[in-house]
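Report on one structure; see the data block that follows.
The values are calculated or read from the model by the stated rules, or taken from the named source; none is laboratory data. Note that the coordinates shown come from a computational prediction; the quantities given were computed from them, not determined experimentally. Cβ: placed from backbone, ideal geometry, glycine included. Neighbour counts: every protein chain shown. Heads up: the accessible areas ignore ligands, DNA and RNA and are worked out on the full protein's heavy atoms, side chains in. Shrake-Rupley method; radii C 1.70, N 1.55, O 1.52, S 1.80 Å.
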Amino acid sequence: MLRAAVGDGWPAAQVDAAAELLANSDGKFPSGARKLPSDLVSAVQRERLIAAMLRAAAELGYRQATVQDVIDRAGVSRPTFYEHFANKEDCFLAAFDTTAARLRDRIDAAADRGGANWRDRLRCSLEELLHFVGHEPDAARSLIVEARAASEEALLRRDGLLDYFSACVDTLVRERLPEAIDHSEVTAAGVVGGVEALLYSRLNKGEVAGVDSLLPSLMYFVVLPYEGHEAASEELAVALG
């Protein structure tokens, strides 16, 4: 996970050594000489702060979380925090951008695994989204819940993420389902907004256990405006066996 976060600018052995140092030192780099490049140490510290920001925002709420809360969870010093970020909002926006980019990449890759059929591509995408919410609730909550309460800039970035997925759905339907009942961009936006609203409710209540079970219902909801009730009901029938 650390290698994926910091990128491939360093040999895998060095990233593994950084992870081992952290594991053997209660999550903190030990003081003194390190046989690691300083830029790698800096990149790792930044990623730890981003992860800590996601955790603090999820546990305390963005508005209640402080820079000290992030520092405590990251296990770094205050000067280290300010080497990377100007303030709490700057850190949160970096965490949002990093997480949003990772989610986009994961869902795009999942859609490709679905092949040529539009419903298969959609199903794989929703499966990946639900897996993300269920296994990374802190990151999901920051994207879907806390961004609304953070700042105007965070809200704009959240809206941009929704617009991205709306465009993906719209393109998918136009290219893979030309006979769709509706080809409106508004419909695609409504579909994505409905999925986001359901996940917002679950995350806001802390009800993410078993979120994968929502897939048939979400498939019904998304297929309905494009292929009608009978076709959408096939997704529920598959779930019922």
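Worth pointing out:
- Taken over the range 133-173, the residue count meeting the criterion of being aromatic (Phe, Trp, Tyr) and modelled with pLDDT under 95 is 0.
- Scan of the range 199-236 for residues that are within 24 Å of Thr187 (Cα to Cα), among the hydrophobic types (A, V, I, L, M, F, W, C) and open to solvent by 30 Å² or more (accessible area, probe 1.4 Å), ordered by number: Phe221, Leu224, Leu236
- Among the candidates Arg176, Arg123, residue that is modelled with pLDDT of 95 or more and touching a helix residue (DSSP H, G or I) at 6+ places or on another chain (Cβ under 8 Å): Arg123
- Scanning the range 62-93 for residues that are of a type in the set (Gly, Ala, Ser), at pLDDT below 95 and in a loop (DSSP other than H, G, I, E, B) turns up Gly75, Ser77.
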